[in-house]
Amino acid sequence: MPYRDLREYLARLKAAGKLRHVARPVDKDWELVAVTRRVFERFPDERRPALEFDVQGFDIPVVVGVLGASREIYALALETTVDQIADRWTRAQSQPVPPVLVADGPVHENVLTGEAVDVTRFPHPVWTVGQDPGPYLTAPCIVSKDPDTGQRNVGTYRLQVKGRDKLGMNVSGPVKGMWSHMEKNERAGRDTPCAIVLGGDPTIGLTAVSPVPMGLDEYAVAGGLRGEPVELVRCRTVDLEVPATAEIVLEGEVLGGVREPEGPFGDYTGYVDLEGSDHVVMVRCVTFRQQPIYHAFFSQMPPSESSTIRGTGREGVILRHLRGLSLPVKTVHLLHAGGAAAYLAIAITKQHDAQPQQVMWAAWAVEPTLGKLTVIVDDDIDVRDPFQINWALSWRVQPARDVYVFRDTRPVGLDPSLPPEAKGVRTNLLASKVGIDATKKHAYPGSSLPPREHLAQVDAAWPEYGLE
């Protein structure tokens, strides 16, 4: 059975030992992010837990990492296993399940309008202390509709808290989805109604941050992931629908023709994205459940929840595409260091020497902004082990022969190596890519390692050596 809401999913995480409650209340303006950073640094990927915080001055807990602290947690969110994640997404997009409208739901247990509207009642954290201008919402699922077609979009864009009823919004560039909705409304002299959802069932959050083909409703894809329709309720002040069991919803409008400073913000690249002129959201209504839970993404210096979620979803898409072309691809990995965007490694069972470059171009065709640095290795290299990638780069590459530079390509989003003055117009810039063929070009001598069977025997008897 699919998770009914975030609460049911959190109970499942706890039962699996994947959600840790932080023992003492924390300050949301510095301590929450510092504890989260240490957990992401000190726990290996596969054992990294999600976190639940009690926050000083608030009676609302904050959960972080519950969708992407690890690939294992991501799989639990989809009620599957790590090796079946890509298949689950394929099925959801090929067999979407449309949402259903219900009369009411827990999200409307509390409704605030007029002077009672105050978004600061919730414990929005400060993520990059001393550099961000204030608190940010990092996991909002923002709902909007195309004013011409009624086509719905649910996407995740960062929101800066600017006041009791005012948010700054960064939509990153003129792409499909909400940007086109706002652009059409602005041309007609209208504001854009929106609903900001925090804490839906896990399929909502994962769908909102994943690429969904044009024409597909994100709620229907979420229904495909969960195997049952998402139950929606109508908003109280805007003509939009939100999940009936969401924790918190902020209803309002993106002001047409209005831009104000937004940022800086410490982003997924590990650098602070510079201040720019961006959209403004005015909040007209706040609805929330009794004793709501505040959901946030940890999207800072990798490794982060953002790099795990982005990488897990994108790797499956690239792998399916390459195998669909009958290319002999073993594994695909977008490295944490590149924010699951800039650094792509692909292991192949090479059939001929032209194949590595063929695989590069095929991977870039899936999403041209990804893989600024793309490395193709043999299938004996574990692309999830940075040491092994660096070993292949060190000893299987002759730079004059194996390094390819391609100019005038699409840039990685928020790439800090682009000129600072490009802020706000980055989608109009051209960048470049490096492709490296780190496969063997001839027969190599054996590796200077003990035989595998000897290592396996030692592993089996490891406790007896008393070295832990």
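Restricting the stretch 242-280 to residues that are in contact with a Ser or Thr (Cβ under 9 Å, 6 or more places away or on another chain) and β-branched (Val, Ile, Thr), the residue that is nearest to Thr113 (Cα to Cα) is Val249. Checking each residue in the stretch 75-95 for being part of a helix (DSSP H, G or I), without any contact (Cβ under 8 Å) to a residue 40 or more places away in the chain, open to solvent by less than 50 Å² (accessible area, probe 1.4 Å) and not small (Gly, Ala, Ser) picks out only Val82. Is it the case that Gly371 is in contact with a helix residue (DSSP H, G or I) (Cβ under 9 Å, 6 or more places away or on another chain), modelled with pLDDT of 95 or more and open to solvent by less than 40 Å² (accessible area, probe 1.4 Å)? Yes, satisfied.
Matching residues to (1) under 21 Å from the mean Cα position of the chain (by Cα); (2) open to solvent by 10 Å² or more (accessible area, probe 1.4 Å):
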site	(1), (2)
Ser210	yes, yes
Glu218	yes, yes
Ala222	yes, no
Pro229	no, yes
Asp239	no, yes
Val242	yes, no
Thr245	no, yes
Val249	yes, no
Gly252	no, no
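Screening Asp459 with (1) free of Cβ contacts under 8 Å to residues at least 24 places away in the same chain; (2) touching a Lys or Arg at 6+ places or on another chain (Cβ under 6 Å) gives one miss only, at (2).
Only one of Gly256, Gly276 is of a type outside the set (Phe, Trp, Tyr), within 30 Å of Pro419 (Cα to Cα) and at pLDDT below 95. Can you tell me which? Among Gly256, Gly276, only Gly276 is of a type outside the set (Phe, Trp, Tyr), within 30 Å of Pro419 (Cα to Cα) and at pLDDT below 95. Restricted to the stretch 239-283, the set of strands (runs of 3 or more DSSP E) holding at least 2 residues that are of a type in the set (A, V, I, L, M) comprises 248-254.
Leu335 meets all of the listed conditions (1) open to solvent by less than 40 Å² (accessible area, probe 1.4 Å); (2) in contact with a Lys or Arg (Cβ under 6 Å, 6 or more places away or on another chain) but one, namely (2).
Among the residues of the stretch 303-327, the ones that are open to solvent by less than 20 Å² (accessible area, probe 1.4 Å) and part of a loop (DSSP other than H, G, I, E, B) come to 2 in all.
Considering (1) in contact with a Cys (Cβ under 7 Å, 6 or more places away or on another chain); (2) open to solvent by 10 Å² or more (accessible area, probe 1.4 Å), the lone condition that Gly257 does not fulfil carries the number (1).
The values are calculated or read from the model by the stated rules, or taken from the named source; none is laboratory data. A quick note: this is a predicted structure, and the numbers were derived from the prediction, not measured. So basically every Cβ, Gly included, is an ideal-geometry build from the backbone, and we count neighbours across all protein chains shown. Just so you know, the surface numbers come from the protein's heavy atoms only, side chains and all, with ligands and any DNA or RNA stripped out. Shrake-Rupley method; radii C 1.70, N 1.55, O 1.52, S 1.80 Å.
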